[in-house]
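Visitor: Take a look at this one; I'll ask things after.
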Amino acid sequence: MKSASAPSSTTKVWAQSTKTRPRITPQAQACDAQNLDHSLPHAVRFSIRLKAKIDADVLGSRLRTASFLGSIWMASRGKRLAESPTKSRSARLPTGTSIQRAQYVLCAIWGIGALLGLGTLVAQTAAGTYGSDAKEAWTLISPLYVSTLSLLLGAIASGAKVQDDDLEEKQVRTGYFKVCLMVSGLANAAYLASLWMQPLMIAAGAASSHIDALKLSLLWLLVIQGLVSIAIGGLFGSIQTARK
C-alpha cells in the first residue's frame, strides 16, 4: 500500500520538466520578435511600419490641434474680459432692482396717470362742469399729481449727473419697489375715480354739486397721497450699493 505523502508519477514528471525548461529572457524575446519580423514578407512588414507611423502622426496632429484651439479660447476669453469689465461686475451684483429702472417705471406710471387725470379735468372744465369753481377744482387736484412727478423727475435729473457704472451698482430692494408700484396704482385709480364718479355721488345725495363731490373725495385722497410719499421715501431710503 502506497503512502499518502508520496508524490505521484505525474507530479515527478511536471517537476522534471519545470527544471529542464529554459527561461525566456527579454533579450530572447526581442530576438524572437526580430526573427519573426524578418520571416514576414516585405510588403507585410512595410504595411505594419507604415500604419504605426500614420498612427503616431495622427496622434501628434490631434495633440497639436487641441493645444492650438485651447490657446485660441484662452486668448478670446481674456480679450472679452478686458473689453467688458462692467459686464463682469454686473454679473456679481446682488439680486435687486436697479434704481434707474425703478425711477423710470414709477415716472411712467405717474405720467400716464397725470395725463388721464388732468385730461379729464380739462374736459370737465371745457364742458363747464364746475362753472365758476373751475379754478378751485384745479387747485384741489393738480397738486396730487405735480408733487409726486416733481419728486420722481428731480431724482432722475440728479441721477443723470452720475456715471452709468455707478447707477448700475445702485439698487433698491425689490420688496419696496413692489409696494411702491401697488401704492402708485391705487393712488392713480383713486384720483381718476374721484373725477369720474362725481355724478354718482350727486345722485346718491352725498354732494350737491361737482365741486362739493371733489372736496368730499379729497378727504381720502390726501390719506392716499401720504401713503405715496411714505412709499417713495422708503424706496429711495433702501438704496444699496452692490458688493464688488
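The values are calculated or read from the model by the stated rules, or taken from the named source; none is laboratory data. Since we're looking at a predicted model, the values are computed, not measured. Cβ sites come from the backbone with ideal geometry, for glycine too, and all protein chains shown count toward neighbours. To get the accessible areas, we keep the full protein, side chains included, count just its heavy atoms, and leave off ligands, DNA and RNA. Shrake-Rupley method; radii C 1.70, N 1.55, O 1.52, S 1.80 Å.
Visitor: Carbon and sulfur: what percent of segment 166-221's accessible surface (1.4 Å probe)?
Guide: After summing per-atom areas, the C and S share lands at 69 percent.
Visitor: Something else now. For K215, what accessible surface area do you get with a 1.4 Å probe? Give it in Å², rounded to 10.
Guide: 90 Å²
Visitor: Leaving ligands, DNA and RNA out of it, work out the accessible area of R101 with a 1.4 Å probe and give it in Å² to the nearest 10.
Guide: 130 Å²
Visitor: Moving on to the next point. Using only the heavy atoms of the protein chains and a 1.4 Å probe, how would M201, M182 rank by accessible area, largest first?
Guide: My answer, sorted largest first, is M182, M201.
Visitor: Provide the FRET efficiency to the nearest 0.05 for the S209-A189 pair, computing r from the beta carbons and using R0 = 22 Å.
Guide: According to the calculation, E is roughly 0.40.
Visitor: So who's got an amide H within less than 5 Å of the one on T97, skipping anything under 5 residues away but keeping other chains? H placed 1.01 Å off N, in plane.
Guide: V172, T174
Visitor: Let me check I've understood the local charge: for L181, count other residues with C-beta under 14 angstrom from its C-beta, Lys and Arg +1, Asp and Glu -1. What total comes out?
Guide: +3
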